[in-house]
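One structure below.
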Amino acid sequence: MPPAESGLPSTLFQRHPGNPILTARYWPYPVNSVFNAGAVRLETGGETLLLVRCEDHRGHSHLTAARSKDGAGGWEIDPSPTFSGDPQSHSEELWGVEDPRITWAPELGRYAVVYVAYGRGGPGVSLALTEDFREFERIGMVLPPEDKDAALFPRRFGGRWALIHRPVPNHGSADMWISYSPDLTHWGDHRVLIQARRGGWWDAGKIGLCPQPIETRDGWLLLYHGVRETAAGALYRVGLALLDLESPERVLRRSDEWVFGPQVEYEHVGDVADVVFPCGATVDPDGDTLFLYYGGADTVMCLATASLEALLTWLKDHGRPGGVARDE
Ligand code: BMA
């Protein structure tokens, strides 16, 4: 008989045996923690680049690039911060930059880095463009505080760029939204995309996009985090959703269950306990293996892999149509 756990969604992802793959201990300069990296497979050379959130000993974050041939080991880390807050020109970055998501945009011939800018107004969504992760063109803050967990789609829909993000309203739940722009600077046509559920659900109250949307045959695959408030603090887990390829505001499916959550020591123990927080993903040249990069307990960088085909099949079998919350 197969073990009872073989039917569990938590078996969809396999943790890399080398986890944690990056830690502050082996960083080329002093930092407190390295986590929540954006990820991309570079267009030239096929190397994996992580833009790692590094928290310094003031508690402020910056981003540093780490490059690897196989996306798992042999990381070459920039010797000093790659992208730091620039409060002189961008006061919204006074307390640093956090949690990047990276999208290659063929039309621009550049990578779009969407990140959290943290300043006196709170965390907001900022955008920068780069060709090489050495020089960056800052577009600036595109959505004001409080807003985060944002990523750009790689192409336009009906002439407009699309961005998923997660504003936090004074009333109601913190849901995922989608917004559109003709020029990457002016954003509008804001719509709720996926609502946080209520009550006893794993994703009640607060949800947010994990990595950039992943294009598949069946639609845009989203991994999103759900936050469960417990007596011991917040518990961060990951679920799945699927958006229509041509009209991304149409949610085709959403999982009821989480597929990835804290299970091992480096996810349970750290600066913030019980957190898995993916901001980056790449797809192997085999077209099926998803490399998911996530922060463990806001302290270390980790990797898990999954079969895209298996995730889509699971979502088809276990997901439900639509993304709007039902008050069950
Ligand atoms: C979220 C973000 C993440 C962090 C997570 C868990 O609100 O700030 O950067 O990993 O909380 O602490």
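The values are calculated or read from the model by the stated rules, or taken from the named source; none is laboratory data. Because the structure is predicted, anything quoted here is derived from the model rather than measured. Every residue, glycine among them, receives a Cβ derived from its backbone with ideal geometry; neighbour counts consider all protein chains shown. Surface areas here come from the heavy atoms of the whole protein model, side chains and all, with no ligands, DNA or RNA. Shrake-Rupley method; radii C 1.70, N 1.55, O 1.52, S 1.80 Å.
Side notes on the structure shown:
- Considering residues of region 229-259 that are among the charged types (D, E, K, R) and within 16 Å of the ligand (Cβ to nearest atom) only, the residue nearest to residue 155 (Cα to Cα): 237
- Count of residues meeting criterion [open to solvent by 10 Å² or more (accessible area, probe 1.4 Å), without any contact (Cβ under 8 Å) to a residue 60 or more places away in the chain and within 13 Å of the ligand (Cβ to nearest atom)] in region 271-295: 3
This table checks each residue for (1) in contact with a Phe, Trp or Tyr (Cβ under 6 Å, 6 or more places away or on another chain); (2) of a type in the set (A, V, I, L, M, F, W, C); (3) within 16 Å of the ligand (Cβ to nearest atom).
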{"position": "89", "(1), (2), (3)": "no, no, no"}
{"position": "100", "(1), (2), (3)": "yes, no, yes"}
{"position": "116", "(1), (2), (3)": "no, yes, yes"}
{"position": "126", "(1), (2), (3)": "yes, no, yes"}
{"position": "159", "(1), (2), (3)": "no, no, no"}
{"position": "173", "(1), (2), (3)": "no, no, yes"}
{"position": "177", "(1), (2), (3)": "no, yes, no"}
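- Any hit, region 181-199, residues being within 16 Å of the ligand (Cβ to nearest atom), within 28 Å of residue 66 (Cα to Cα) and of a type outside the set (Gly, Ala, Ser): no
- Some residue of region 260-270 being within 16 Å of the ligand (Cβ to nearest atom) and charged (D, E, K, R): yes
- Selection from region 24-49 of residues that are away from the ligand (no atom under 15 Å from the Cβ) and under 19 Å from the mean Cα position of the chain (by Cα): 39, 40, 41, 42, 48, 49
- With respect to the conditions (1) crowded, with 22+ Cβ neighbours inside 10 Å; (2) within 18 Å of residue 316 (Cα to Cα), residue 252 lacks only one, and its number is (1).
- Selected residue [of a type in the set (Phe, Trp, Tyr) and farther than 18 Å from residue 211 by Cβ] from 95, 104: 95
- Figure legend. Inter-residue proximity from region 236-253: first residues closer than 12 Å to residue 221 by Cβ, second residues away from the ligand (no atom under 16 Å from the Cβ) and polar (S, T, N, Q), beta-carbon distance below 9 Å, spacing 6+ or different chains. Indicated pairs: 239/255; 240/255; 241/255; 242/216; 245/216.
- Members of region 145-165 that are of a type in the set (Gly, Ala, Ser) and in a loop (DSSP other than H, G, I, E, B): 158, 159
- One residue stands out among those in region 200-219 that are in a strand (DSSP E or B) and within 16 Å of the ligand (Cβ to nearest atom): the one that is surrounded by the fewest Cβ atoms within 10 Å (Cβ to Cβ), which is 204.
- Considering the conditions (1) out of contact with any helix residue (DSSP H, G or I) (no Cβ under 8 Å at 6 or more places or on another chain); (2) without any contact (Cβ under 8 Å) to a residue 60 or more places away in the chain; (3) open to solvent by 20 Å² or more (accessible area, probe 1.4 Å), residue 222 is excluded by exactly one of them, (3).
- Of all residues in region 145-163 being open to solvent by less than 10 Å² (accessible area, probe 1.4 Å) and touching a residue at least 60 places away in the same chain (Cβ under 8 Å), the one that is nearest to residue 226 (Cα to Cα): 149
- Listed by position, the strands (runs of 3 or more DSSP E) enclosed by region 230-326 that each have at least 1 residues that are among the basic types (Lys, Arg) are 233-243, 251-255, 319-321.
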